[in-house]
Structure formats: structure tokens, C-alpha cells
Amino acid sequence: MTARVVVVGMPASGKSTVGQEVAELLGVPFCDVDQLIEERTGKLIREIFSDDGEEAFRAIEREASLEAINGDGVVSLGGGAVTSDAIRTALASVPVAWLEVSVATATRRAGLNQLRPLLLGDVRARMEALLAERRHLYEEVATIRISTERTTPPELAAAIVEALEKGEL
């Protein structure tokens, strides 16, 4: 069994919220990989970054993401999961919805959220750098690309479900 749909995108793009909505519409389980990591490690993501470093986090993230992708339901990956070759390879076999968000919107949503370790400091500059680094990876894995601008999570979820039903995703 593989995931029904995987949701990817930048931090603050709405992956968790929209993914949960899609799962509810489809009547299937939802897995937020960041939440799964925190439950399994007993640590917040920011604590893993702080205590063990980004490389250790990415190894944990890779294992949890691959397991989730091979599960049943809707999966929300962490914003940087697409930097892993193994995860991108696994995503080739499942529908992937990329929630595209502008730097301005993501920055406004993320604000000074201390739960996002890669966004500490100048949030807008970090967001711009992350998007520049990852945009081509999101494009590579995405089956469908959905703009989150001026759209609510229920509207985004409905668009994903509609794309799935039409075989577009």
C-alpha cells in the first residue's frame, strides 16, 4: 500500500492543515511526518536540530518519511524532505501535491515562530534562500502544483481531492 497523496511545500505553506483536510474528505488516515518524528523521538524538531544537528534530523526525517509514503492515507512531509534523493525517488510512485506559497505569505504566516529552526533570524531572507534552494525539487516531485494565495485550506483540500478523482494527480 502506498500513500493516497503526499503534500509538499515550503514551511508555512499549509501542508499539515491542508493534508488533514484532504484526509478527512477522503476518509483515510493522516500522517504529519514532523509530528511523527516528535512522537517517536520525544523531542521537538527544534530540539533535534539544536541537540543533534540538521544532518541527524534529516536521517530521522528520511526514515519516517519513507515509512509514511509507503503507508495508507494522506502524508504531509516536512518542508526540506524533498532534499533527500531517497525521498524524491519514493515520491515518484505516488501522487504529490505541491502547495506553492509566496515568500511574503510564508513569511507572514511563519512570523517569528521559534518552532521552525531553519527560519531563525531574518525570516524573509531565510525563506527566500530556502525557496531558491528547493523550488526545482518541488517542481521535480509535484504531480500537481496548487497556489495557496487567496485560497482557504478547505478550498485547497477540495482541489486536491477533485484532481485525484479526475486522475489528474
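The values are calculated or read from the model by the stated rules, or taken from the named source; none is laboratory data. Not measured: the values here are computed from a predicted model. Here the Cβ is made from the backbone with ideal geometry for all residues, glycine too, and neighbour counts use every protein chain on show.
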| Taking helices (runs of 4 or more DSSP H) that fall entirely within the stretch 1-99, which contain at least 1 residues that are modelled with pLDDT of 95 or more, out of contact with any Phe, Trp or Tyr (no Cβ under 8 Å at 6 or more places or on another chain) and of a type in the set (A, V, I, L, M, F, W, C)? | 15-26, 33-41, 54-69, 85-91
| query | When the residues of the stretch 138-153 are filtered to those that are of a type outside the set (S, T, N, Q) and in contact with an Asp or Glu (Cβ under 6 Å, 6 or more places away or on another chain), which remaining residue is farthest from LEU26 (Cα to Cα)? | reply | ARG145
| request: Check the stretch 80-100 and report whether any residue there is surrounded by 18 or more Cβ atoms within 10 Å (Cβ to Cβ), acidic (Asp, Glu) and more than 12 Å from the chain's Cα centre (by Cα). | output: no
| query | For the stretch 15-25, does any single residue satisfy the condition of being among the aliphatic types (A, V, I, L, M), over 30 Å from GLU149 (Cβ atoms) and surrounded by fewer than 18 Cβ atoms within 10 Å (Cβ to Cβ)? | reply | no
| request: Give GLU61, GLU55, GLU21, GLU38 a once-over and let me know the one that is touching a helix residue (DSSP H, G or I) at 6+ places or on another chain (Cβ under 9 Å), without any contact (Cβ under 8 Å) to a residue 24 or more places away in the chain and not β-branched (Val, Ile, Thr). | output: GLU38
